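J.: Attaching a single structure in structure tokens format; questions to follow.
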Amino acid sequence: MSAAAGLFHSARFATSVAESVQLNAAELAMLPEVAFVGRSNAGKSSAINTLTQQRQLAFASKTPGRTQLLNFFALSRRLATGRSEAAAYLVDLPGYGFAKVDDATRIRWDQLVGGYLQSRRMLVGVVLVMDARRPLLGADEELIGWLAGREDVARLRLHLLLTKADQLGQAEKSRVLRQAEARADTLPMPTSVQIFSSLKKLGVAELQDAVASMLPSA
């Protein structure tokens with residue numbers, strides 16, 4: 001198992017936050033955070049489970065909008081002494097887009113996700129999970145806009161993860177990848193792009209390396 005794979009396999013649930021006002025009071029160490037965010041049913045939870053090699057770390061559901069909390073998963077790094085130390089958090093953010101929820105719930109989600117992405121000091125990277133068959137839709141661009149508005153945007157890393165790629169032919173994969181790379185070139189933060197499939201385990205090592213590169217001393 002590679003160092004990056006071992007780091008993510010160590011992931012364990014730490015805590016959940018339901019409201020933006022609870023973030024500062026949450027029992028979390030001052031560690032770098034990498035957030036996973038995407039449209040409802042884009043494959044976000046499956047991507048986290050595949051990244052960490054754990055079947056049910058993040059709850060994966062075919063029902064859009066099931067994740068309504070910020071879920072923090074702690075990562076630990078094994079030292080040369082054999083002991084482990086806390087290294088970072090993966091953060092599973094509520095999905096957005098076509099989930100069938102009432103307006104009040106949608107507003108609360110926007111405040112929770114938007115507030116976290118715009119102002120969280122410990123945030124060092126974001127994995128934007130998009131269905132490769134429907135990438136860079138309006139809600140995705142709105143989320144990118146939240147990130148671009150940060151004062152420290154130049155130090156933030158963004159990774160565009162094009163999921164469910166097993167549903168596309170090779171030519172379509174290449175076209176979608178070029179489209180996302182062209183968009184990445186216009187963004188104010190360092191941005192990488194990849195094709196991914198949880199089902200076929202396509203691009204797992206690439207995702208591990210991309211997220212590990214966002215973490216100091218990873």
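The values are calculated or read from the model by the stated rules, or taken from the named source; none is laboratory data. Owing to the predicted nature of the structure, the values given are computational and were not obtained by experimental measurement. Positions of Cβ are backbone-derived with ideal geometry, glycine not excepted, and every protein chain shown enters the neighbour counts. Keep in mind that these areas ignore ligands, DNA and RNA; they rest on the heavy atoms of the full protein, side chains included. Shrake-Rupley method; radii C 1.70, N 1.55, O 1.52, S 1.80 Å.
J.: Please work out which one of (1) open to solvent by 40 Å² or more (accessible area, probe 1.4 Å); (2) part of a helix (DSSP H, G or I); (3) over 22 Å from GLN53 (Cα atoms) is the condition ALA205 fails and give its number.
T.: Failed condition: (3).
J.: Under the condition of being open to solvent by 20 Å² or more (accessible area, probe 1.4 Å) and not in a loop (DSSP other than H, G, I, E, B), which residue from the range 26-49 is nearest to GLN208 (Cα to Cα)?
T.: Per the stated criteria, the residue is SER46.
J.: Now for a different question. Which of the residues belonging to the range 50-60 are assigned to a loop (DSSP other than H, G, I, E, B) and in contact (Cβ under 8 Å) with a residue 12 or more places away in the chain?
T.: Within the range 50-60, the subset assigned to a loop (DSSP other than H, G, I, E, B) is 53-60.
Result: GLN53, GLN54, LEU57, ALA58, PHE59, ALA60.
J.: Same structure again: Go through the range 1-25 residue by residue and tally those that are in contact with a Phe, Trp or Tyr (Cβ under 8 Å, 6 or more places away or on another chain) and surrounded by 21 or more Cβ atoms within 10 Å (Cβ to Cβ). Please lay out each step first, then the result.
T.: To start, the set of residues in the range 1-25 that are in contact with a Phe, Trp or Tyr (Cβ under 8 Å, 6 or more places away or on another chain) comprises 11-17, 20, 23.
In the following step, the residues that additionally are surrounded by 21 or more Cβ atoms within 10 Å (Cβ to Cβ) were identified as 11.
Residues that pass the stated criteria total 1.
J.: Does the range 193-202 hold any residues that are over 15 Å from VAL176 (Cβ atoms) and either in contact with a Lys or Arg (Cβ under 7 Å, 6 or more places away or on another chain) or open to solvent by 40 Å² or more (accessible area, probe 1.4 Å) (or both), and which are they?
T.: Across the range 193-202, the qualifying residues are LEU199, LYS200, LYS201.
J.: Does any residue of the range 16-25 turn out to be assigned to a loop (DSSP other than H, G, I, E, B) and within 17 Å of the chain's Cα centre (by Cα)?
T.: No, because not a single residue in the range 16-25 is assigned to a loop (DSSP other than H, G, I, E, B) and within 17 Å of the chain's Cα centre (by Cα).
J.: All but one of (1) over 15 Å from the mean Cα position of the chain (by Cα); (2) more than 25 Å from ASP209 (Cβ to Cβ); (3) open to solvent by 50 Å² or more (accessible area, probe 1.4 Å) hold for ARG55; state the number of the condition that does not hold.
T.: (2)
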